[in-house]
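Data first, discussion second: the structure below is written as structure tokens.
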Amino acid sequence: MRVAILQFPGSNCDTDALHAVRDVLGVEAQLVWHKESCLCGYGAVVLPGGFSYGDYLRCGAIARFSPVMAALKDFAEAGGPVIGICNGFQILCEAGLLPGALVRNTCLEFRCQTSELIVEDSNEHFNPVKLGERVRIPIAHGEGNYRIDEAGLAKLEANKQVLFRYADNPNGSLNDIAGIRSERGNVIGMMPHPERAVEPFMPSTDGLPILRAFLELAAVAP
């Protein structure tokens with residue numbers, strides 16, 4: 001399996017994601033520039049964090065129009081596993097691949113810290129038995145406040161699409177939401193950075209089981 005790490009102008013966690021997948025987990029991966037129009041030959045796709053297009057207009061609002069996004073939508077609609085981390089989560093929401101939106105933190109400050117996340121029992125890949133009941137993962141964002149309308153929130157909760165909740169809620173997200181999945185389960189978005197928690201010198205290694213759980217989706221993809 002090969003993993004595509006998408007690069008947009010302003011991405012700054014792309015090489016971190018590449019290192020985590022390729023060098024730490026030992027899975028073949030490569031950087032894919034946003035002007036590519038095909039994701040053929042890849043088994044999974046990562047949208048990394050950063051500030052795509054300088055976060056002009058809104059975070060992810062311009063990146064959603066990059067040429068590679070048409071290929072990404074086709075990939076996701078075919079059941080391919082996709083994870084958006086931080087800015088990647090924002091892009092997935094802007095593109096309509098995940099519900100809701102990420103807006104300015106209620107504190108109106110950029111939050112850079114290690115946050116404790118509560119792992120929800122969502123599905124066979126993301127649950128407390130596989131990942132642990134709580135994980136410690138770094139965050140770094142100014143617009144990580146997850147918002148969705150009342151009906152959308154009720155649907156997320158009823159379908160068990162919430163993957164992670166903040167124990168400390170550093171940004172004001174509804175229902176403490178830190179990460180979600182699509183209804184089908186192959187598209188994942190989370191504001192915390194699992195790729196920054198994969199080696200002993202990092203705040204934790206709790207990102208490893210999260211990334212492994214994501215990559216497992218490729219094994220069951222149609």
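The values are calculated or read from the model by the stated rules, or taken from the named source; none is laboratory data. The model shown is predicted, which means the values in this text are computed figures rather than measured ones. Ideal geometry is used to build each Cβ from the backbone, glycine not excepted, and the neighbour counts take in all protein chains shown.
Out of all the residues in region 10-51, which are under 23 Å from V220 (Cα atoms), more than 16 Å from the chain's Cα centre (by Cα) and free of Cβ contacts under 8 Å to residues at least 40 places away in the same chain?
Correct list: R22, G26, E28, A29, Q30, C38, C40, G41.
Can you name the residue in region 108-146 that is among the aliphatic types (A, V, I, L, M) and surrounded by 15 or more Cβ atoms within 10 Å (Cβ to Cβ) and, of all such residues, is farthest from D206 (Cα to Cα)? Steps first, answer last, please.
Looking only at region 108-146, we keep the residues that are among the aliphatic types (A, V, I, L, M), and these are 108, 117-119, 129, 131, 135, 137, 139-140.
So of that shortlist, the ones also surrounded by 15 or more Cβ atoms within 10 Å (Cβ to Cβ) come out as 117-119, 131, 135, 137, 139-140.
Values: L117: 10, I118: 12, V119: 11, L131: 8, V135: 6, I137: 7, I139: 13, A140: 16 Å.
Only one residue fits best here, namely A140.
So which pairs qualify, if the first residue must be in region 132-146 and in contact (Cβ under 8 Å) with a residue 40 or more places away in the chain and over 15 Å from L208 (Cα atoms), the second must be among the β-branched types (V, I, T) and in a strand (DSSP E or B), the Cβ gap must be under 7 Å, and the two must be at least 6 apart or on different chains?
Listed pairs, sorted by first residue: E143/V103; N145/V103; Y146/I177.
If you check L163 against the conditions, is it of a type in the set (A, V, I, L, M, F, W, C), closer than 15 Å to I85 by Cα and modelled with pLDDT of 95 or more?
On the way: of a type in the set (A, V, I, L, M, F, W, C): yes; closer than 15 Å to I85 by Cα: yes; modelled with pLDDT of 95 or more: yes.
Yes: the conditions hold for L163.
Within region 92-106, identify whether any single residue is touching a Leu at 6+ places or on another chain (Cβ under 6 Å), modelled with pLDDT of 95 or more, in a loop (DSSP other than H, G, I, E, B) and surrounded by 15 or more Cβ atoms within 10 Å (Cβ to Cβ), and answer yes or no.
Yes, because at least one residue in region 92-106 is touching a Leu at 6+ places or on another chain (Cβ under 6 Å), modelled with pLDDT of 95 or more, in a loop (DSSP other than H, G, I, E, B) and surrounded by 15 or more Cβ atoms within 10 Å (Cβ to Cβ).
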